[in-house]
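Please treat every number below as a calculation from the coordinates, not as lab data. Every value quoted in this text rests on a predicted model; they were computed, and no experiment measured them. Ideal geometry is used to build each Cβ from the backbone, glycine not excepted, and the neighbour counts take in all protein chains shown.
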Amino acid sequence: MRIFLINQGNGVDFNQNPPLGILYLAASLKKAGYEVDIYDQGANENKLNYPSKDYIKRFSPDVVGFSLYTFGLPQTLQYVKELKEDFPRIQVIVGGHHATALPERTMLDCPEADFLIYGEGDITIIELIKTIESRLEPANVRGIYYRNNGNIVKTEPRAHIQDLDTLPFPANELIEKYTYPSEGIGTGRKILNLTASRGCPFKCTYCNKAVYGSSFRRRSPKHVVDEIACMFDRFGYDEVMFHDELFTAKKPWLYELFEELRKRGLKFPWRCLGKVGTVDYDLLSAMRKNGCYIIAFGLEAGNAKVREDINRKMTNEDIKNTFDMAKKAGLMTYAFNMINHRLDTIDTIRDTYNLMCEVNPTFAPVFVCSPLPGSPIYQYVPEDIKYNWKRFNSYRYFGGLPISISSVPPEDLMFLADQMEAFYYSRIKYFSEHVLHLKTSMKVKRLITMVWLGFFLARVKHMARDRYFVTISQPSSFTRFLSKRFYKVIKVFVGLFKSLPVFRTAYSKLS
C-alpha cells in the first residue's frame, strides 16, 4: 500500500522546522514495508499550497494521513472534503495535537475522515494500515476512532511508548526536497532537527500535552548520537537543534551524551531548550564546551501572581540568575515571552517587559497566548466561539485579532506585543551587548544587526503614533515632534527602495 502523509501548515506563514512527528510515522511505515511520501504544506517550496490533483494522481496513494493543528484548520477541512470528492476510494486518517485534544469534535468537523488516531501514532498507524489492507474490523486497534454504520466508535487507548530506542530514526530522506527558515539563525549550513525525549510532567496551563502526555521518557545517549552520526553522514547535516522541552532536565544524562560525543569524535554546533531551575554554571559551561551556542528558556511572565496562576514555579531572581549563568558560560540566550495570561493587565504586562529588559537575552520574541484545545486555559474561551476555528485563525501573525482571556482587549494585545518587541530590541543596552560586543559568527551577527535595525524603525513608528503601553514614562513633547518628522522622512525614503528584500522588511516595520 502507498501512504501519503500531509503536514498541515498554518495557512499564513512558513513552518520554521520540519514535522518531526510525521517523519517518525513515515519511518515506522517504511520499516513495515510500505511506500510512503510526505508533503509539508508549510515548507517554503510549497508556498502554503496543498497537494494538487496531479500530485495525488502521480503518487496514487491508498491512504492519506493528515496531522491537524488548530491554526489553519478550516483550510485543511475544506481540502479534505475536496480530496474525498475527487478520490473517493482513498482512506483518510487524521491525527496530531488538535485531533487528539478534541477527537469526537474532529470526527464531526471532518465527516470525510475514515479514522482518527489519538495519542502517539507510531505503533497505532502500523496496526491500522494492516487492518485497512486486510479489510478487517478495526475494533481491536488501540488508540483510534472510526465510523461504523453512521456511529463514531472509540477503541481502548494505547499506552505511551516507554522505550523510545525501539523507534526508527525519522525518515529525513523525505524532506530533502524542503528547506526551513530555522536554518537562518544557525551557524552551520544544514541543521538536523532532533528530539531525544517525549512527555512533560509539568502543568503549564497554556500547553497542549494531549499527544505525548505527562510521562517523561528519554532515549539513551547512545541512540541519540547514533542518529546524529547517521544523519550527518547520509545528508550532510553539520548542526543540531534539540527540540526537547526538558533537554536540561537530568544532568547525568547530559554528561553521558557529552561523553558519547567525545568517544565518537563528533564536534558540531548545537542549540536547545532549557528550563529555569534545572541548570547550574558547571552544566552550562560543559554545554558550551561541547558545542552548544544558544539556549532558550521560558520567561513567559514577569509578574509573580501571573506566573503562579499559569503554574510556572519560579521567581524573577531564579530567571535572572539562570540567564546570567548562561551568559557567563558564553552562551547566547533566547527568552520566550507571553502575554494574554488569564490574570494579565497592562501593569502585569509591563512587569514582563521590565523583566525582559533586566534579563536582556539575545532573542526575545513576544507571543500572544492562544487558549488552544488540549490546554487547561481552553476552558476560558467563550462558549459561542469554542469551536469556531475561523475565529482561532484570527491571530497576531495571521492578520487578525487574538482571543483574549485577560482583561486586555484583543486589539491592545496586538499593539502591546509589537511595542514590547520594538522597544526591547531598540534599547541602548541591547545594542551595546548584542550588536557591538557579542562574540559569534558573522552570519548570526548580521542577523542580530538586522533585527536591531528593523525594531529601531518599529520604535520610531510607535513613537510617531504617540501611544505608549510598555513604558510608564512618556517622552517629551520635543522628542515626540522629532519622532513624527523622522518617521515621515524615513518612510518615504525606505518606500522608494521597498522592491529590494532588505528595504521591504524595513518598510513592513514602518507600516
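Some notes on this structure:
- Listed by chain and number, the lysines whose C-alpha is less than 28 Å from the C-alpha of Lys222, apart from same-chain residues fewer than 8 away, are Lys30, Lys31, Lys190, Lys209, Lys250, Lys251, Lys263, Lys267, Lys275, Lys289.
- Net charge in the neighbourhood of Asn46 (other residues with Cβ under 12 Å of its Cβ; Lys, Arg +1, Asp, Glu -1) is 0.
- FRET efficiency, 1/(1 + (r/R0)^6) with R0 22 Å, evaluated for Lys429 and Ser477 via beta carbons: 0.30
- Residue order, fewest to most surrounding Cβ atoms within 10 angstrom, among Phe478, Phe242: Phe478, Phe242
- The mean sequence distance of close C-alpha pairs (under 8 Å, at least 6 residues apart), as a share of the length of the chain, puts its relative contact order at 11 percent.
- Counting every other Cβ atom within 10 Å of each residue's Cβ, Cys230, Cys204 order from fewest to most as Cys230, Cys204.
- Compactness of region 332-407, expressed as Rg and Dmax over alpha-carbon positions, Å: 14.0, 44
- Here the mean projected area of the convex hull built on the C-alpha positions of region 217-326 is 7.3 nm².
- Exposure proxy for Phe268, Phe71, Phe115: other Cβ atoms within 10 Å of each Cβ, ordered fewest to most, give Phe268, Phe71, Phe115.
- Each helix, a run of at least 4 DSSP H residues, gives -39500 (n - 2.57); summed and divided by the residues of the chain, these come to -12000 deg cm²/dmol at 222 nm.
- Normalised convex hull volume, region 185-386, alpha-carbon set, Å³ per residue: 128 Å³
- The ratio of the alpha-carbon radius of gyration of the chain to the globular-protein estimate 2.2 N^0.38 Å is 1.01.
- All-pairs Cα distance distribution in region 303-432, expressed in whole percent, bin size 5 Å: 2, 10, 19, 21, 19, 14, 9, 5, 2, 0, 0
- Its alpha carbons give region 2-154 an Rg and a Dmax of 14.3, 41 Å.
- Stretch gain in nm, segment Val492-Lys328, where the contour uses 0.36 nm per residue and the Cα spacing is subtracted: 54.8 nm
- Value of relative contact order over region 185-386, rounded to a whole percent, pairs C-alpha under 8 Å and six or more apart: 21 percent
- Long-range HN-HN contacts of Cys200 with modeled amide H, under 5 Å: Ser214, Ser215
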